[in-house]
1. Which residue pairs have Cβ atoms closer than 9 Å, lie 6 or more positions apart in sequence or on different chains, and pair a first residue in the stretch 33-55 that is at positive phi with a second residue that is surrounded by 11 or more Cβ atoms within 10 Å (Cβ to Cβ)?
2. Only one of these conditions is not met by residue 148: (1) of a type outside the set (Gly, Ala, Ser); (2) under 16 Å from residue 108 (Cβ atoms); (3) free of Cβ contacts under 8 Å to residues at least 24 places away in the same chain. Which number is it?
3. Given the structure, is residue 77 surrounded by fewer than 18 Cβ atoms within 10 Å (Cβ to Cβ) and under 22 Å from residue 141 (Cβ atoms)?
4. Would you mind stating whether residue 78 is at negative phi, outside the structural domain of residue 141 (by TED's automatic domain parsing) and outside any helix (DSSP H, G or I)?
5. Restricting to the stretch 171-186, name every residue that is over 24 Å from residue 17 (Cβ atoms) and touching a residue at least 12 places away in the same chain (Cβ under 8 Å).
6. Which of (1) in a helix (DSSP H, G or I); (2) more than 18 Å from residue 9 (Cβ to Cβ); (3) not assigned by TED's automatic domain parsing to the domain that holds residue 12 is the odd one out, the single condition residue 55 does not satisfy?
7. Any residue in the stretch 93-105 that is within 21 Å of residue 62 (Cα to Cα), in contact with a Pro (Cβ under 7 Å, 6 or more places away or on another chain) and in a strand (DSSP E or B)?
Amino acid sequence: MPDILALDTATEACSVALYLKGELHEQFELAPRRHNQRILPMVESILAEAGVSLNQLDGIAFGRGPGAFTGVRIATGIAQGLAFASELPVIPVSNLAALALQARREQGVEQIMTAVDARKDEVYWCCYGFEDGKLQELLPERVCAPEDVTLPEGFDASAATGIGTGWIFADRLPCKPQQIIENVLPRAGDMAMLAVDAWNNGVRLAPENALPVYLRDNVADTIAEREKAKLAKG
């Protein structure tokens, strides 16, 4: 099994996790607008506690979004910097998938609807199931108004669990889950476990290929334009 460092700053939470020799270590704290100040000290702390250095690990996972624009950029940039410095590959992990795994871990559920408050009166949305114990994305992630969410064909919302901050719009979402886990945020520990599965399936990227996921086209276009401008300037 690979030894993986995972980090996430895509929401109000700031978290790091270390999957080392089959054991999971995690630090998690709410740090609104302080991610830049907290994430590297947390990384240093968790590595020191475990008595390992970055270059002894196999890879670095990060919450690639969707989530807060600045937070997703911070996680991507930090992961890239650490990976370049330690010559390690990176493993991007969906923040929505991490929420789904959290629901599975805490409640043992099989059918999950993830909804994260995307601001601008929208939600980040996806549905998941489990097959042979592995998380399966049942439809593409999307950002939309709460009223516009969709379900996979044959998906029984009434037997599913809803998880995430987007369930503050429960009255507007056109699906009624069996239970709702509303006041939770993605955790790096779940990202580490998803990254282990991804690693075992051959997912490992060069640091320069670590890209954030925003879902909003206008944001993605703006970032692409900025990156082109940087390259043009040399």
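The values are calculated or read from the model by the stated rules, or taken from the named source; none is laboratory data. Because the structure is predicted, anything quoted here is derived from the model rather than measured. All Cβ positions, glycine included, derive from the backbone under ideal geometry; neighbour counts span all protein chains shown.
1. Qualifying pairs under 9 Å: 33/12; 33/70.
2. For residue 148, the failing item is (2).
3. Judged against the criteria, residue 77 is a match.
4. Numbers: at negative phi: yes; outside the structural domain of residue 141 (by TED's automatic domain parsing): yes; outside any helix (DSSP H, G or I): no.
Here the answer is no, as residue 78 does not meet what is asked.
5. Here is the first cut: in the stretch 171-186, the residues over 24 Å from residue 17 (Cβ atoms) are 171-180.
172, 173, 174, 175, 176, 177, 178, 179, 180, listed by residue number.
6. Result: residue 55 fails condition (3) only.
7. The answer is no; no qualifying residue exists.
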